[in-house]
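Asks: After the C-alpha cells below, expect a handful of questions from me.
The values are calculated or read from the model by the stated rules, or taken from the named source; none is laboratory data. Remember, it's a predicted structure, so these values are computed and weren't measured experimentally. We place every Cβ from the backbone using ideal geometry, glycine too, and count neighbours over all the protein chains shown.
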Amino acid sequence: MNVVVALAVMFPSVFVLSLLYSGIDRKLHARMQRRVGPPLAQPFYDFVKLMNKERIIPASASPSVFVTVTALAAASSILGASVLLSNLAAGAGFVGDIILVMYLVLMTSALTMIGGSSSGNPYGAIGFSRRVGMLLGYEVPMLLSLLMVSYRSGLTLSYYDMVTAQSLGGTVFMASSPGAALASLVFAVCIPAAAGVVPFDIPEAKTEVAYGYLVEYGGPYLGLLKLAKEATNLTLSLLFFTLFVHVPLAFPMVGAYNVWANLLFMLAGTLAVYFVTITLPRTLFARVKLGQALRFYVWVWAVSLISAGLVMVGY
C-alpha cells in the first residue's frame, strides 16, 4: 500500500480508535472501582454532544488564538498516530518521521497550553505554568529513551526501520539488555505525565484549579481538545508497544493479509499498554503535588542517563 493512501485511510481510523480506547479505559476504570461505568460508545456520544453545543468565547480571551488552537491540537495529535499506523500498513517510512511524531505530540500539549492561557482566566495561567513544569520533568527522558532505540537500530530515525530492526534482531528492545530495560521503564513512567492522567493531572486538577487551562473551554472547542488528548494517549501507547515490546508476528499468510493481521495484533498490544500506563495509574493512585512530581522525575532523569550510558557501551 502506498504511504499517502495509507495515511488517508488511517487518519479517520485514528479518530475512531482514540475514542474507542477512551471508552474501554473508562469502562475498565469503573469496573476496578466496582461501578458499572459508561457504555463503550460514551466518548462518541460525548463528542457529538459537545460538537452540537453553542460556541462560547470568553470576553477576556484572544478570540483567534482561543479558537484556532483547538482544531490544530486535534489535527496534530491525530496526525501523529496516523503517521505511525500508515508506516506499518504501507511497510515503509521516511527518515526522521519519529522526530515528526514526537514534535506533533509536543505541539498538541503546547497548543492546548497556549489556548488555555489566552482565555484570560487566572486558572488558565496556573494550569499553563504547571504544565510547563511537567514538560521539563518528563519530555527529555522520554526523548532520550527513543534515541536509545534509534541507537540500537543502527542510528536511524525512521519509525518503520526501528520496528523492523527488532524483528531482524529476534528480540524486543526491552529484553535486549539492562540498559534497554531501563530505557523502556523510563518511557513507560513518562506516559502518565504526558497523557495528563492521575497522579500527574496536576495542570488540570479539577478539584484544585477548576480544570486549569481548560476551564473556559466548552462545546466544540472542548470536544476537539478532549479528542486531542485521547489521540495523544493512543500515540504514546502505540509508540511504546511497537518500539519497546513488539516483534511483528510471522503469520502463515502472505501480502496484505499478513500486514493487517500484524496491525490487529499491534492494536491489541497497544490497548494492553494503554491499560497498564494510563488506566491503572489513574485508578490506583491519588494526585500528587507539582513539587512531588518534579522530585520523582529528577530520579527518572537520572535513570534515563544511566540507561543511555549502558546502551551506548553495549549493555
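Asks: Out of (1) within 20 Å of the chain's Cα centre (by Cα); (2) within 30 Å of PRO58 (Cβ to Cβ), the odd one out for PHE244 is which?
Replies: PHE244 satisfies every listed condition except (2).
Asks: Please count how many residues of segment 165-187 are modelled with pLDDT of 90 or more and buried (at least 19 other Cβ atoms within 10 Å of the Cβ). First the steps, then the outcome.
Replies: We begin by selecting, within segment 165-187, every residue modelled with pLDDT of 90 or more; these are 178-187.
Narrowing further to those that are buried (at least 19 other Cβ atoms within 10 Å of the Cβ): 179-180, 182-184, 186-187.
Number satisfying all stated conditions: 7.
Asks: Take segment 257-292 and flag every residue that is among the hydrophobic types (A, V, I, L, M, F, W, C), surrounded by 13 or more Cβ atoms within 10 Å (Cβ to Cβ), over 20 Å from ALA92 (Cβ atoms) and over 16 Å from the mean Cα position of the chain (by Cα).
Replies: Within segment 257-292, PHE285, VAL288, LEU290 meet the criteria.
Asks: Looking at segment 147-156, which of the residues that are at pLDDT 90 or above and aliphatic (A, V, I, L, M) is nearest to PHE173 (Cα to Cα)?
Replies: Looking at the filtered set, the residue picked out is VAL149.
Asks: Can you go through LEU28, LEU50, LEU17, LEU72 and tell me which one is surrounded by 16 or more Cβ atoms within 10 Å (Cβ to Cβ) and in contact with a Ser or Thr (Cβ under 7 Å, 6 or more places away or on another chain)?
Replies: Every option except LEU28 fails the conditions.
Asks: Turning to a different aspect of this structure: Give the residue, chosen from PRO38, PRO43, PRO58, that is part of a helix (DSSP H, G or I) and in contact (Cβ under 8 Å) with a residue 12 or more places away in the chain. Give the steps one after another, and end with the answer.
Replies: Values: PRO38 fails: part of a helix (DSSP H, G or I); PRO58 fails: part of a helix (DSSP H, G or I).
Result of the check over PRO38, PRO43, PRO58: PRO43.
Asks: Among what's in segment 199-212 and is surrounded by fewer than 20 Cβ atoms within 10 Å (Cβ to Cβ) and of a type outside the set (Gly, Ala, Ser), pick the residue that is modelled with the lowest pLDDT.
Replies: THR207
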